[in-house]
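Everything on this sheet refers to the single structure shown next.
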Amino acid sequence: MTQQLNTSQLTQLTLGIPGFEYKDLYDAKRLNDLLAIFDESVQNHDPDLFAEISAYRACAGEDMKPEQISELLVRMAPLVGTFVARLFNISDVRDQQIGHIRGEFDSVFTYRTEIVGNLNKLFKGQTTDGWDIAALGTQLDSLLTAAGKQALFEDDPELAVSQLGADLWRLSKQENPSPADLAAYETVCRWSFAARQVPELQAFVSKWLSFKVPEKTNLENLVDHDTVAQSGYDVWASNEHHIRRRDGFALTDKRFKQRQTLYEVDHCIYCHDRDNDSCSKGIKNKKDNTFKTNHLGALMTGCPLEEKISEMHVVKREGDNIGALAMIIIDNPMCPGTGHRICNDCMRGCIYQKTESVNIPQIETNVLTDVLFMPWGFEIYSLLTRWNPLNIKRSTAQPYNGKNVLVAGMGPAGYTLSHYLLNEGFGVVGIDALKIEPLPLHLTGDHDNPPMPIMDFKDLYEDLDKRVMLGFGGVAEYGITVRWDKNFLKVIYLTLMRRNAFKCYGGVRFGGTLTIDEAWEMGFDHIAIASGAGKPTIIDLKNNMIRGIRKASDFLMGLQLTGAAKDSSLANLQVRLPAGVIGGGLTAIDTATELLAYYPVQVSKIVKRYDKLVAKYGEADVRGRYDAEELDILEEFLAHGRIIEQERARAKSAGETPNFLPFLKQWGGVTLFYRKGIKDSPAYRQNHEEIHEAISEGIYLAEGMSPLEAIEDQYGHLQAVTFEKLAEQEGKWRKTAEVEVKLRGLFIAAGTAPNTIYQSEHPGTFVMDRKFYKRHEPDWLKGQAALVVSDDATQVKVGKPAPFTSYNSDGRYITFYGDNHPVYAGNVVKAMASAKDGYPYIVKLFANEIAALDAAQQPQRDAQLRDLQQRLDATLLAHVVEVNRLTPTIIEVVIKAPAAAKHFEPGQFYRVQNYESLAPVVEGTALAAEGLALTGAWVDKDKGLVSLIALEMGSSSRLCATWKVGDPLVLMGVTGAPTEIPTGKTVLLLGGGLGNAVLFSIGKAMRNAGNKVLYFAGYRNSEDLFKVPEIEDASDVIVWAVDDRPGNDAIPITRPQDKTFVGNIVEAMVSYATGKMGETSIRLQDVDHLIVIGSDRMMAAVKAARFAALQPYLKAGHEAVGSINSPMQCMMKGVCAQCLCKHVDPETGEESFTYSCYNQDQALDYVDFPNLAARLRQNTVQEKLSSLWLTYLLEKA
């Protein structure tokens, strides 16, 4: 269970500052010593600058103008870069970077500015008519040859011409330039002018950044697109020449190359020197200092973090990536989580509003990657998050201060808050209900051993389509697509995990596994809620949630967290084309692009596995597992898969990326439908660049299309959707027609609510403000916070941070962040800003106690922290204790998980799965289970044991039998709702097959509450019987029933009051009620309360029989409840929405939906069992193939 570290094989790092070892970089005292040595180096280098720095630190920036601070930081940054390079012995590498970048500015961008930028002036009123272009080209070749740049010209013609041009321009500006130099300069200018005018030269320089002119922004049409007629409606589509080919889930955007980045740096006008850096601070009205709005009506507030962008650009321009990164980290220490394809608030605040904005996210990411890919680059980034002389508020991380904070949620808000609190000296424990994969101990280190230093970032880097999906990062992991490099999440995760004061636990649900009161009892002093977004919006759609309809969050989580996107995964996620997405936000955009990318991956995986399985087991065996509908779908997938594989083979032989798009469009493609105009959509208004990128992958956007009705095929699967077609008339979108669109998949991305599930499970804990926790700003008095309701604007930089909830008990408070907070909800960077703005409030809560700490007591405080962490390990981590085979198809897994066991109540369940990073790999397939929803058959709270019983149906449930004693697992829960236990009633329990495992604990609780329990236990086969003593303990009378099938005999009874029957459970009940089984102590007619747990078919049969065969024998007005086995994924009570169960009011016919993972016990008469049965079949073609694939793998293993 516990990883052991072998230190003998670790990479060694010798630091370049005498007296320091690598382990010192994780020691607060030694970091302070390192800062003193840095200060000494600055004082020796520039005494005046050091005096200014000292003064800045002393006043903390108060009474200093922003321009003064910026200027000082820009002067300090290169000294930080120099010192850090010396520390890691990479001064030569840094010098090379500086030389290269300065060389680019001295050549390419000097040429761009001084020659290309002045061509209109130099050749005013002239054309190239009559010019001998060929001769001009020959002259340029001669100059390049004479300058020794011909070889460079072959490799990088832009750099060669730029160097030549820039050198000649400088010579022309000398006091007495030679005629030859002037003539050569004129030749370059003439050639450059011709390159602007002559078609063949225009083509030659078309991608030269020295000739790039910022395009004007078409404010009326921010996304260039074509309009294409479909059947009854029009769509936005990309111009053909903008289409980008995509094959799978590798990184889709490789980021700018250096010269492209430097073009953006050159494009910036560095407004910080006049306190006008609107990219950071926003664009304000001079009269009242309020933020201006752009042409779309959105406030231009700039970067939510107020990152020092312009200053960073100046430092980058000088070639100092380390210094530039230190500048970024002042305000954005978790910068791997921002940047390219994540945020654009800075661009919306850029001074360029009518032309192309500076692409700041690309620059930021370039600075980060330029450092990460240096020798020891990860170590440099990591150090700068703990030690940064530019950050005067907290230049070095503080030692542990004895205070502990529980952070609930490890998404962007949670991990950023954890960083800030760690640097302030707090012990931080992060929890998340998602499975979070462990990192190797040699990378993280522990209390006794420092981590292994990482010399080459490539050793950490993984291809995105092959990486272990860590689960860390929340929505950044499962919600953001491979447009963004998720290796950056590993950078953040590892950076935090290396901090001795930090622990992180996945599979721990706040409010389920761990409650507020328990957190206080364990030794936490503060709780921070950063649990992100929650329930997806359910739209008004007739026949909603029939098979083929999913929530976007369900799809994205299954794709990017459960792992369906990977060839190596056993995860099942079945989609068909054509597909539609409902919504207008970025989640809808992402869902559309990933659907289009996933379909070829899905059908390719199916055809590859199918062919191997047919070769192994024969076609009849493989196909015999499928019914008629499944065979139709299988044939559809196989036909498409073979076409995809043929195209992949053609492209490979041609040395190009496959072009799947023509086939995908032929099969119907993916279309996003929005009820208004695309220009009115949140995605367009907030980040139109992402729409441009998305349509270039081949999706369509249809505006003015509001869904009315989903239409089923003969099997109950979606085949079409009727839309209300709308058009804008007099400023409003009005209905003009109805149109039926053929769709086999529909994905709903209509928004979410904040995840405030704790309040739902523990009513009265917090005061609410509609969907959000009510926010409070403290009124400080002697270090104590008196909470004052905050009702100001819910806009970053406008509304107060107000991070406090209403909770205040014995001087303990709970704060909240990210999507939970109305000011900061909406995107990743706002979530991170909530942490930056909110952490000082937590610090202030404990400021007096921290100020009074005795440094001599530090060892005792550290020991207390270690004790807390060890207790948490023992309580929150789960591992296998026993694996028992109960029947040929049923497995029991006993797990030690004290916290998960503690809160179990009868009827509740868990999500169990093994770790992908620790799972065996056979023939390229990781034997990692999808999350399984399993009820606790029995729980020993004293010993912390949970018994889970699984029916081996699919690949994931069959993997349970492969787990070994001691294997670590994720056991998330408890979740679901406790079964209601009446008192003094007659209760009927109906268990079908595995459902009997659920009834063990329910029956016992019923009897303990003074109820009489009549228990019908039904089985398909006699051999399926298990845990007879437990069933007997759960009942006063048992009726055993086994289906009337060949080979089945009546189940023997061991108690005189029990009965046995051959036939189905409804037949058994009729026989019992009519007295055919003889006398009994409990009559069916006396039953007050009925609970049925089994397959959907069995529960549907009982529901129907209560109004038919059983009606004469049941008490009028009895309560009937079914434990609903909806398909489930996250089981976090309203996040992915896969578990939605359709209800129909039996009296009014009104439809509604219930989250089964929130409350599995549902009124039997309301459950729409045909809809449930259909939804349980949503992945069966893949599931049956995956199960046989697992058989194949296990035989090989």
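Observations
- Single condition residue 860 does not satisfy, out of (1) at pLDDT below 95; (2) more than 27 Å from residue 476 (Cβ to Cβ): (1)
- Among the residues of the stretch 300-338, those that are part of a helix (DSSP H, G or I) and of a type in the set (Val, Ile, Thr) comprise 309, 314, 315, 322, 328, 329, 330.
- Residues that are modelled with pLDDT under 95 and not in a loop (DSSP other than H, G, I, E, B) within the stretch 780-813 comprise 780, 781, 784, 785, 786, listed in sequence order.
- Whichever residue in the stretch 507-537 is out of contact with any helix residue (DSSP H, G or I) (no Cβ under 8 Å at 6 or more places or on another chain) and closer than 17 Å to residue 1155 by Cα and, among such residues, is surrounded by the fewest Cβ atoms within 10 Å (Cβ to Cβ): 537
- Unique match (being touching a residue at least 60 places away in the same chain (Cβ under 8 Å), of a type in the set (Asp, Glu) and touching a Gly at 6+ places or on another chain (Cβ under 8 Å)) among 1024, 1033: 1024
- Against the test of being within 18 Å of residue 112 (Cβ to Cβ) and either of a type in the set (Gly, Ala, Ser) or not assigned by TED's automatic domain parsing to the domain that holds residue 116 (or both), the options 166, 184 yield a single qualifying residue, 166.
- Of all residues in the stretch 980-1012 being surrounded by fewer than 24 Cβ atoms within 10 Å (Cβ to Cβ) and β-branched (Val, Ile, Thr), the one that is farthest from residue 1028 (Cα to Cα): 983
- Looking across the stretch 17-32, the residues that are of a type outside the set (S, T, N, Q) and surrounded by 15 or more Cβ atoms within 10 Å (Cβ to Cβ) come down to 17, 20, 22, 24, 25, 26, 27, 28, 30, 31.
- Scanning the stretch 604-642 for residues that are among the aliphatic types (A, V, I, L, M) and either buried (at least 17 other Cβ atoms within 10 Å of the Cβ) or touching a Gly at 6+ places or on another chain (Cβ under 9 Å) (or both) returns 606, 607, 613, 622, 633, 634.
- Count of the stretch 538-574 residues, restricted to those that are under 19 Å from residue 1152 (Cα atoms) and more than 19 Å from the chain's Cα centre (by Cα), is 12.
- Single condition residue 495 does not satisfy, out of (1) under 22 Å from residue 930 (Cα atoms); (2) in a helix (DSSP H, G or I): (1)
- Residue in the stretch 527-535 that is of a type in the set (S, T, N, Q) and assigned to a loop (DSSP other than H, G, I, E, B) present: yes
- Filtered residue count, the stretch 225-244, keeping only those that are in contact (Cβ under 8 Å) with a residue 40 or more places away in the chain and of a type outside the set (Val, Ile, Thr): 11
- Each residue in the stretch 1112-1148 was checked for being assigned to a loop (DSSP other than H, G, I, E, B), of a type in the set (D, E, K, R) and touching a Lys or Arg at 6+ places or on another chain (Cβ under 9 Å), and 1 pass.
- Screening residue 1073 with (1) surrounded by fewer than 24 Cβ atoms within 10 Å (Cβ to Cβ); (2) under 48 Å from the mean Cα position of the chain (by Cα) gives one miss only, at (2).
- Of the criteria (1) over 39 Å from the mean Cα position of the chain (by Cα); (2) surrounded by 15 or more Cβ atoms within 10 Å (Cβ to Cβ); (3) of a type in the set (Lys, Arg), which one residue 94 fails: (1)
- Filter result (more than 26 Å from residue 1187 (Cα to Cα), part of a strand (DSSP E or B) and in contact (Cβ under 8 Å) with a residue 60 or more places away in the chain) within the stretch 905-945: 938, 939, 945
The values are calculated or read from the model by the stated rules, or taken from the named source; none is laboratory data. This one's a predicted model, so the numbers in the text were calculated from it and none came from an experiment. As a convention, Cβ positions derive from the backbone with ideal geometry for all residues, glycine included, and neighbour counts pool all protein chains shown.
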